[in-house]
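Notes for the one structure printed next.
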Amino acid sequence: MRVMVVGGGGREHAIVKALKKSKKVTELYVLPGNGGMEEDAVCVDIGAKDLDEIVAFALDKKIEYAVVAPDDPLVLGLVDRLNEKGIPCFGPDKKAAIIEGSKAFSKELMKKYDIPTAEYRTFSDRDAAVAYLKEKGAPIVVKADGLALGKGVVIAQTTKEAIDAVDSMMTERKFGQSGARVVIEEFLTGPEVSVLAFTDGKVVKPMVSSMDHKRALDGDKGLNTGGMGTIAPNPYYTREIAERCMKEIFLPTINAMNKEGRTFRGCLYFGLMITENGPKVIEYNCRFGDPETQVVLPLLKSDLLDVMIATTNGTLAETEVEFFDECACCVVMASAGYPASYEKGFEITLGETDGVYVAGAKKVDGKLLTSGGRVLGVTATAPTLRTAVDAAYEKVKKIEFRNAFYRRDIGRRALLAEE
Ligand code: AMP
Ligand code: GLY
């Protein structure tokens, strides 16, 4: 089968490596991919948001199955465009991708269908938002309605901080049109769990749970990032919690989307918080998480292509989705300074490539050079979390590039929770 993957980061590299294991894949393309993926797939220099060019490429190469990984092309409707040309895809259509594309939509959905989440209100008027903030007080959470590169959420410790956030989103339009509306919600506490789930709109088959480490520095300090590391499974996600999530959150969500005429097929990502009052939804993503994918897919035993096609065809109930009974840890190696400014263009010495997912690198004259904030995701799997964490850091030690920076405590919180 001729398969293409749209996207170019560490998540896409993990998807590519998993697809490569499928015997059915005969040709594998990645658009745009990056210099670190060339051994695993044919990288094609077309951006993930260049929908016209992507469709033209798919037709030209007679692509038989497309995997659309990032949020932007999903929300822009790439799946609809490819489907119109008869190309089946993994990922939701535009109507369903709104579950991530608009926080106002997803909050409204949860309210209407009684899916547990933080209390909230949506505003398109700045003064009304500010009046509500003053009434509720801090801590409180301000979110831009639309996509904002994972930076549209402000956890405000004071009312002033919250008002500043509203002003930067609504008045200064820091995130453009994404901030035309804001969601203001109750501040929740408790451990966070990421659950990625395959769904064909009828059944939900959750993948192994994971834990992201969003802050830049050890001890969960510093700025919010795209994610500095992950472990799987997440020890807070007990069997009991998993059963509650299926009953109270996962199935109600896909049923709600069906009732709204927005059937979701693909990978639905549930960002959960396990509060005193049970699991609640912090956010939905309409796609695989990054860097959650880099710990979840290495543990997948079943053929990824088979599972993906089952979500498209509506045959997920009959399709086996099995995981190895092991643990995984991914340490992100970034350029020092990320997520603020950083230098790039330094040569990377990789050594082994097994479990190494390249996010921000390019090939120049045969050399792999750093080209982004998050450069690599280095994953190890092992029978226990402790051994997986140790093995991931062992691998990290063997990789070199100038200004490399990584957290030293990925997995520490999970290990403490295990005890
Ligand atoms: P996001 O960018 O949407 O992934 O959100 C970033 C982070 O903000 C989440 O991972 C949570 O840690 C935090 N967060 C979002 N909503 C809330 C909330 N209502 N209460 C507490 N923390 C939250
Ligand atoms: N790791 C969080 C995300 O992919 O949004």
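Could you compute the net charge surrounding E283? Neighbours are other residues with a C-beta less than 11 Å from the C-beta of E283; K and R count +1, D and E count -1.
Residues near E283 contribute +1 overall.
When we measure straight from the Cα of K111, which aspartates and glutamates land under 12 angstrom away, once same-chain ones fewer than 8 places off are left out?
Qualifying aspartates and glutamates at Cα under 12 Å: E119.
Local charge sum around S22 (other residues, Cβ-Cβ under 15 Å, Lys/Arg +1, Asp/Glu -1)?
0
Using the alpha-carbon centroid of each, what span in Å lies between the stretch 11-67 and the stretch 360-391?
First find each Cα centre; the distance between them is then 20 Å.
In deg cm²/dmol, rounded to 500, what helix-only [θ] at 222 nm does the chain give when every DSSP H run of at least 4 residues adds -39500 (n - 2.57) and the total is split over its residues?
It lands at -8000 deg cm²/dmol.
G179: net charge of surrounding residues, Cβ under 15 Å, Lys/Arg +1, Asp/Glu -1, itself excluded?
+2
What's the longest uninterrupted piece of the chain once you rule out the trypsin sites (Lys or Arg not before Pro) that are loop residues per DSSP with at most 12 other Cβ within 10 Å?
The answer is 86-300.
DSSP loop GluC sites (Glu not before Pro) in the stretch 22-89 with at most 12 other Cβ atoms within 10 Å of their Cβ, which ones?
Answer in residue order: E39.
Going by C-beta contacts inside 10 Å, put I241, I15 in order with the fewest on the left. Spell out each step's value before the answer.
On the way: I241 19, I15 26.
So the residues, fewest neighbours to most, are I241, I15.
Please list, by residue number, everything in the stretch 366-410 whose backbone N is under 15 Å from a paramagnetic label point 7 Å out along Cα→Cβ of E352.
378-383, 387-400
Provide, as a two-decimal number, the C-alpha radius of gyration of the chain over 2.2 N^0.38 Å, N being how many residues it has. Intermediate results must be reported in sequence, preceding the final value.
Numbers: Rg = 20.6 Å, N = 419, 2.2 N^0.38 = 21.8 Å.
Compactness ratio reported: 0.94.
List the pairs from K344/K367; K95/K202; K62/K85; K62/K363; K17/K62; K205/K301 whose alpha-carbon separation is above 19 Å, in the order I gave them.
Listed pairs above 19 Å: K62/K363; K17/K62.
For the chain, with the dipole built from +1 on Lys and Arg beta-carbon atoms and -1 on Asp and Glu ones, taken about the Cα centre, which of G360, A162, A334 lies farthest toward the positive end?
Checked the options; the winner is A162.
Values in this text are rule-based calculations from the coordinates and carry no lab data. Note that the structure is predicted; figures quoted are calculated from it, not measured. Every residue, glycine among them, receives a Cβ derived from its backbone with ideal geometry; neighbour counts consider all protein chains shown.
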